[in-house]
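J.: One structure coming up, written as structure tokens, with questions to follow.
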Amino acid sequence: MAGIAGAALGAEFGKAVDGTKLLAAFGVLMIVIALLMLRPRRGGDNPDVHLDQTSAPRLLPPLAGTGFGVGALSGFFGIGGGFLIVPGLVTATSMPLLNAIGSSLVSVAAFGATTAVSYSLSGFVDWPMALVFIIGSSLGGFIGIRLATRLAPRRRALTFIFSGVVVAVGVYVVAKGMSQLF
């Protein structure tokens, strides 16, 4: 819920920023997040972490804060925010990367839907193009699930691949955004 509120607020601010500048800033954010993911974490993975009455006093504050911040960035940049949610969940809960990837999908859907409605109401959605991306990302998601499941026992390899893909896309997005600025 905190992330949905953040996404709605972030979308309002994002619509006020020039798209070319937004694209370049988004690429830089991707690179920074990916590089931060490569840092060794303190503490171990906790595959049994879950939110219930016992863990709520400890987990709810960092989850709500992280959710709002990630939601705001997702709305601002007009993205689902999976590459932001995954490190946020890992940091806030100490859950393993594979658990965070799976858990992030619910948040991506909620943040993406909130942002999509906001941008759609403002007339900024090209629905045929969006449909093509949805189909392509669905197919890619099935391939990614298989790859992540195979790499799960090699946590560090999964982290490097996740970060590497985000850096590669971030560099491309920065280059694309910068080329449009000049």
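Read-outs throughout are calculated quantities, based only on the coordinates presented, and are distinct from any laboratory measurement. Please read all numbers here as calculations on a predicted model, not as lab measurements. Quick reminder, even Gly has a Cβ in these numbers, built from the backbone with ideal geometry, and neighbours come from all protein chains shown.
J.: Normalised by the number of residues in the stretch 46-182, what is the relative contact order in percent for Cα pairs under 8 Å and 6+ residues apart?
T.: 21
J.: Using only the alpha carbon atoms of the stretch 82-182, find the Kirkwood hydrodynamic radius as the inverse mean reciprocal pair distance, in angstroms to one decimal.
T.: Radius from the Kirkwood sum: 15.5 Å.
J.: Could you line up MET30, MET178, MET37 from fewest to most neighbouring Cβ atoms inside 10 Å?
T.: Ascending number of Cβ neighbours within 10 Å: MET178, MET37, MET30.
J.: I'd like the Karplus ³J(HN,Hα) series for the stretch 65-76: coefficients 6.51, -1.76, 1.60, θ = phi - 60°, whole numbers in Hz, and an x wherever there's a Gly or Pro.
T.: Result, rounded to whole Hz: x, 5, x, 5, x, 5, x, 4, 5, 4, x, 4.
J.: Add -39500 (n - 2.57) for each DSSP H run of 4 or more in the chain, then divide by its residues: what number comes out at 222 nm, to the nearest 500 deg cm²/dmol?
T.: After summing the helix terms and dividing by residue count, I get -27000 deg cm²/dmol.
J.: Additional query: Hey, any idea what Rg/Rh is for the stretch 2-181, computing Rh the Kirkwood way over Cα pairs?
T.: Looking at the stretch 2-181, the ratio lands at 0.97.
J.: Can you tell me the 0 to 90 degree angle between the C-alpha axis of helix 155-181 and the longest principal axis of the chain, rounded to 10?
T.: Here the helix axis deviates by roughly 10 degrees.
J.: Can I ask one more? So how tilted is helix 82-93 from the main axis of the chain? Cα-based, degrees 0 to 90, rounded to 10.
T.: The angle comes out near 30 degrees.
J.: State whether the stretch 44-84 is rounded, prolate or oblate according to the following rule on the C-alpha gyration tensor (a ≥ b ≥ c being the square roots of its eigenvalues): a/c under 1.5 gives rounded; otherwise a/b larger than b/c gives prolate, and the remaining case gives oblate.
T.: The shape class here is prolate.
J.: Tell me the angle of helix 19-37 to the major Cα principal axis of the chain, expressed in degrees between 0 and 90 and rounded to the nearest ten.
T.: Tilt relative to the chain: about 10 degrees.
J.: With the Cα gyration tensor of the stretch 32-100 giving a ≥ b ≥ c as the square roots of its eigenvalues, does the rule (a/c under 1.5 for rounded; else a/b larger than b/c for prolate; else oblate) give rounded, prolate or oblate?
T.: Since a/c reaches 1.5 but b/c is at least a/b, the shape of the stretch 32-100 is classed as oblate.
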